[in-house]
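The values are calculated or read from the model by the stated rules, or taken from the named source; none is laboratory data. Predicted model only: the values in this text are computed from it and were never measured. Here the Cβ positions follow ideal geometry from the backbone for every residue, glycine too, while neighbour counts run over all protein chains shown.
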Amino acid sequence: MNQLTSYAVWDAGTRWFHWINVLCIIMLIVVGIAIMNDDALGLSTSGKILLKEIHVWVGYVFTVNILWRIIWIFFGNKYARWNAILPGGKGYVQAVRNYASAFITGKTEYYLGHNPLGRLSVFLLFILMITQAITGLVLAGTDLFYPPFGYWIAQWVAAPDVLPSTLLPYASQMYDAEAFKSMRAFRSPFIEVHEINFYLMSGVIILHIAAVVVTEIKEGGGIISAMFSGKKAFNQKFVPVDLNDTNKN
């Protein structure tokens, strides 16, 4: 019977970020799809506003969680830091070639942290998530007058006899028509980027999940369970690569 050796890899901060992120993205996708199909679902104005409010509040958790991960980059263990999750650095290109070649030929290379291709996936996901968070915050301000930009948007569109702090979403009688039109023009590229980025992020997430499953089946190591326990386990006859020790600037 093969004996396994366990290695502590993912610290608690990284694991909490991962699973909070998973829950937020699932909720954002479900609610976002409902909002985009409001007419088909027969939603009333109040129902649509409620869904948008839920979407925004989950988005706040999503954004704070990303900020937490950026902070944790400087305080987490070596597998949680910048040089462990971003592609690049000395020997990185060769490491990608070696890993791809080994994967294709079946001579698997086992990694403690992210493998070289995994880093590309993580980096791309971070860029997409940050883009989604930023555009989402702008839309929260232009649609519901929510922080952090809602105060300035309300100042922009409020009718002369209406206090900006009293503005309500979808209450056109409270808006200055020309200012509201200008605001919607300003909003337009943000919503376009938000929607396109949503599809891109969804596609990358699907590929990410597929890659994790394939890697788990082909290489083992308990990649999925490690995000719960923090530990990867390998057959004792294999010596996993620690790219953090071999790929330093």
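Just one of Val22, Val61, Val30 is surrounded by fewer than 18 Cβ atoms within 10 Å (Cβ to Cβ), within 20 Å of Ser202 (Cβ to Cβ) and in contact with a Cys (Cβ under 7 Å, 6 or more places away or on another chain); which is it?
After applying the criteria, what remains is Val61.
With the checklist (1) without any contact (Cβ under 8 Å) to a residue 40 or more places away in the chain; (2) crowded, with 19+ Cβ neighbours inside 10 Å; (3) under 28 Å from Gly141 (Cα atoms) in hand, flag the one item Leu67 doesn't pass.
(2)
Could you count how many residues in the range 185-238 are modelled with pLDDT under 90, surrounded by 12 or more Cβ atoms within 10 Å (Cβ to Cβ) and among the polar types (S, T, N, Q)?
Qualifying residue count, the range 185-238: 3.
How many of the residues in the range 33-49 are in a helix (DSSP H, G or I) and either loosely packed, with under 13 Cβ neighbours inside 10 Å or under 13 Å from the mean Cα position of the chain (by Cα) (or both)?
Total satisfying the criteria: 6.
Can you find a residue in the range 106-114 that is within 23 Å of Leu207 (Cβ to Cβ) and without any contact (Cβ under 8 Å) to a residue 24 or more places away in the chain? Walk me through it before giving the result.
Within the range 106-114, the first condition is being within 23 Å of Leu207 (Cβ to Cβ), and the residues that meet it are 106, 108-114.
Next, only the ones that are without any contact (Cβ under 8 Å) to a residue 24 or more places away in the chain stay: 106.
Yes, the range 106-114 contains a residue that is within 23 Å of Leu207 (Cβ to Cβ) and without any contact (Cβ under 8 Å) to a residue 24 or more places away in the chain.
Can you tell me which residues in the range 82-93 are surrounded by fewer than 17 Cβ atoms within 10 Å (Cβ to Cβ) and at pLDDT 85 or above?
Trp82, Leu86, Val93
List the residue pairs whose Cβ atoms are under 7 Å apart, where the first residue sits in the range 119-131 and is farther than 15 Å from Val64 by Cα, the second is outside any helix (DSSP H, G or I) and modelled with pLDDT of 95 or more, and the two are 6 or more positions apart or on different chains.
none
Evaluate the following for Leu120: is it at pLDDT 85 or above, out of contact with any His (no Cβ under 7 Å at 6 or more places or on another chain) and under 28 Å from Ala233 (Cα atoms)?
Judged against the criteria, Leu120 is a match.
Which count do you get for residues in the range 164-219 that are over 16 Å from Gly141 (Cβ atoms), among the β-branched types (Val, Ile, Thr) and under 22 Å from the mean Cα position of the chain (by Cα)?
Of the residues in that region, 9 qualify.
Could you please find all residues in the range 7-19 being of a type in the set (A, V, I, L, M, F, W, C) and either crowded, with 16+ Cβ neighbours inside 10 Å or under 20 Å from Ile130 (Cβ atoms) (or both)?
Val9, Trp10, Trp16, Phe17, Trp19
Within the range 160-178, track down each residue that is part of a helix (DSSP H, G or I) and buried (at least 16 other Cβ atoms within 10 Å of the Cβ).
Within the range 160-178, Pro164, Met174 qualify.
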